[in-house]
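Colleague: Sharing a structure with you now.
The values are calculated or read from the model by the stated rules, or taken from the named source; none is laboratory data. In this text the structure is predicted, and so the values were computed from the model without any measurement. FYI the Cβ positions are ideal-geometry reconstructions off the backbone, even for glycines, and counts take in every protein chain you see.
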Amino acid sequence: LEEISKGELYIDGKLVNDVVPKDRDIAMVFQNYALYPHMTVYDNMAFGLKLRKVPKQIIDERVKEAAAILGITDYLTRKPKALSGGQRQRVALGRAIVREPKVFLLDEPLSNLDAKLRAQMRTEISKLHARLATTFIYVTHDQIEAMTMGTRIVVMKDGFMQQVDTPQNLYDYPINLFVAGFIGTPQMNFFPATLTQENGKTYVEFVNNKILLPKTVQARIRNIEEYANTGKPITLGVRPEDLHEEESFIAASPDTVIKAFVEVVEKLGAETLIYCKLDFKEGEEVSTVIGDSSNMIAKIDSRSVISRGEITELAIDARHIHIFDGATEMSLLARDEGYEVTPENETSSAFVPLTPQEMQAIIEKNRVVTKEEKAAMRREARAAARKEKAEAKAAAAAQQEAQEEKAEEPKDEENK
């Protein structure tokens, strides 16, 4: 609906910059369904077609076909108030489907549904996408929805694009710290760290630990000479699923073993999450601080016998660690042969996002000043003007007093 200020928008090969939004052949599905409460399901789905004066027979065919696809044929005579949340969402989808648009825009369509229904609707929308073979642009804050439904994902922060890629590439090759932390559940562990090199081997030092990097990872580090043995800060990223407590893994990876104090154990049936602390001393009481940079989450086997309060050894699968610049937060690891190039990401894989500092500079430059801020600025300006005036007045009085004292000096000499 906004005017396009820069760039070109093509839909189905047609430039639509100067085409009014209603004629761009786009259908939208809203978060709150936006159904007419006084109309039946059938009339809600048919309303847009009636406005376009589509023949009644075609309207009837499209509505019934969409209802069959979505499994709402039995509800066509009901009104929205008689439907559940999931059924209303299907009606909203059906209203968009009957349009047969070139593009579907879906604005968080599942956010009002419970967890079970969300999972069900995710599957249904994916099937619908495959069946219609139409472009779906789907907005969501739920990374699980994005990863399970998307063929290409645009990760955004503060209105700025961060990475445009396939779901698997986002997981394996995050371009910066934000993407790495956003994709994956539980989210990636981050630790302030430094790189060191000894006898041709590269190590990462972090929170009282030192692990050896495999040759394959070492070879991927960009500009390694800027970071190795210089003390330049980096951020180490380790996913919870890349931490292992099995004895066989620990024995096979002695150079990546770390010790952790277990604070909380969450048994989830298929897996177990342990919340640990790396910054501790054996024999001393461990203090719990929320947000501490030494806190860590590990996802381990559900049959593990680890319990709260014990010190355990965990081996890091160093083949899958991530390294970021401490200032720019950009990944220091070059992509290897595992990076998947597909038609969906062929042109966007070279995209490089702005750094946090660059984003903040643009935000400040374009920030709209509110009325309250303008009033505060005026008050500050008036106060500064009063202060300046008072200082000038005091300076003038002091100067006049000095001149009067100087004029009195000859008279004093005459009197003497």
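Colleague: Among the listed residues Lys64, Lys53, which satisfies the condition of being loosely packed, with under 12 Cβ neighbours inside 10 Å and more than 20 Å from Asp107 (Cα to Cα)?
Modeller: The unique qualifying residue is Lys53.
Colleague: Which of the residues belonging to the stretch 255-272 are in contact (Cβ under 8 Å) with a residue 24 or more places away in the chain, over 30 Å from Thr202 (Cβ atoms) and not basic (Lys, Arg)?
Modeller: Hits for the stretch 255-272 are Glu263, Val264, Val265, Leu268, Gly269, Ala270, Glu271, Thr272.
Colleague: Of the residues that make up the stretch 354-362, is at least one among the acidic types (Asp, Glu) and within 51 Å of the chain's Cα centre (by Cα)?
Modeller: yes
Colleague: Which residues, taken from the stretch 30-49, are touching a helix residue (DSSP H, G or I) at 6+ places or on another chain (Cβ under 8 Å) and modelled with pLDDT of 90 or more?
Modeller: The answer is Leu35, Tyr36, Pro37, Met39, Val41, Tyr42, Asn44, Met45, Ala46, Phe47, Gly48, Leu49.
Colleague: Which residues, taken from the stretch 1-43, are touching a strand residue (DSSP E or B) at 6+ places or on another chain (Cβ under 9 Å) and not in a loop (DSSP other than H, G, I, E, B)?
Modeller: Ile11, Ile26, Ala27, Met28, Val29
Colleague: Return only the number of the condition from (1) over 26 Å from the mean Cα position of the chain (by Cα); (2) in a strand (DSSP E or B) that Gln218 does not satisfy.
Modeller: (2)
Colleague: Of Leu105, Leu117, Leu93, which residue is over 23 Å from Pro21 (Cβ atoms) and not β-branched (Val, Ile, Thr)?
Modeller: Every option except Leu117 fails the conditions.
Colleague: Can you tell me which residue among Ile59, Ile97, Ile125 is modelled with pLDDT of 95 or more and either closer than 30 Å to Ile153 by Cα or touching a Leu at 6+ places or on another chain (Cβ under 7 Å) (or both)?
Modeller: Ile59
Colleague: How many residues, within the stretch 66-119, are part of a loop (DSSP other than H, G, I, E, B) and either without any contact (Cβ under 8 Å) to a residue 40 or more places away in the chain or over 19 Å from Ala34 (Cβ atoms) (or both)?
Modeller: Count: 11.
Colleague: I would also like to ask the following. Picking from Thr123, Thr140, which residue would you name as being buried (at least 16 other Cβ atoms within 10 Å of the Cβ), under 28 Å from the mean Cα position of the chain (by Cα) and not acidic (Asp, Glu)?
Modeller: Only one candidate qualifies: Thr140.
Colleague: OK, next. Any residue at all in the stretch 175-198 that is surrounded by fewer than 20 Cβ atoms within 10 Å (Cβ to Cβ) and over 25 Å from Ser294 (Cβ atoms)?
Modeller: Within the stretch 175-198 (the criterion being surrounded by fewer than 20 Cβ atoms within 10 Å (Cβ to Cβ) and over 25 Å from Ser294 (Cβ atoms)), the answer is no, since none of the residues qualifies.
Colleague: Separate question: Among Thr328, Thr312, Thr355, which is the only one that is closer than 29 Å to Ala180 by Cα, surrounded by 13 or more Cβ atoms within 10 Å (Cβ to Cβ) and either outside the structural domain of Pro233 (by TED's automatic domain parsing) or in contact with a Gly (Cβ under 6 Å, 6 or more places away or on another chain) (or both)?
Modeller: Going through Thr328, Thr312, Thr355 in turn, just one is closer than 29 Å to Ala180 by Cα, surrounded by 13 or more Cβ atoms within 10 Å (Cβ to Cβ) and either outside the structural domain of Pro233 (by TED's automatic domain parsing) or in contact with a Gly (Cβ under 6 Å, 6 or more places away or on another chain) (or both): Thr355.
Colleague: So which residues in the stretch 330-354 are touching a Ser or Thr at 6+ places or on another chain (Cβ under 9 Å) and either modelled with pLDDT of 95 or more or closer than 30 Å to Lys281 by Cβ (or both), if there are any at all?
Modeller: Across the stretch 330-354, the qualifying residue is only Met330.
Colleague: Given the condition in the same structural domain as Leu113 (by TED's automatic domain parsing) and within 28 Å of Ile258 (Cβ to Cβ), answer yes or no: does some residue in the stretch 214-222 qualify?
Modeller: No, that holds for no residue.
Colleague: Please state which one of Arg88, Arg152 is buried (at least 18 other Cβ atoms within 10 Å of the Cβ), at pLDDT 90 or above and charged (D, E, K, R).
Modeller: Checking each option against the conditions leaves just Arg88.
Colleague: Exactly one condition in (1) in contact (Cβ under 8 Å) with a residue 12 or more places away in the chain; (2) surrounded by fewer than 19 Cβ atoms within 10 Å (Cβ to Cβ) is false for Asn169; which is it?
Modeller: (2) is the only condition that Asn169 fails.
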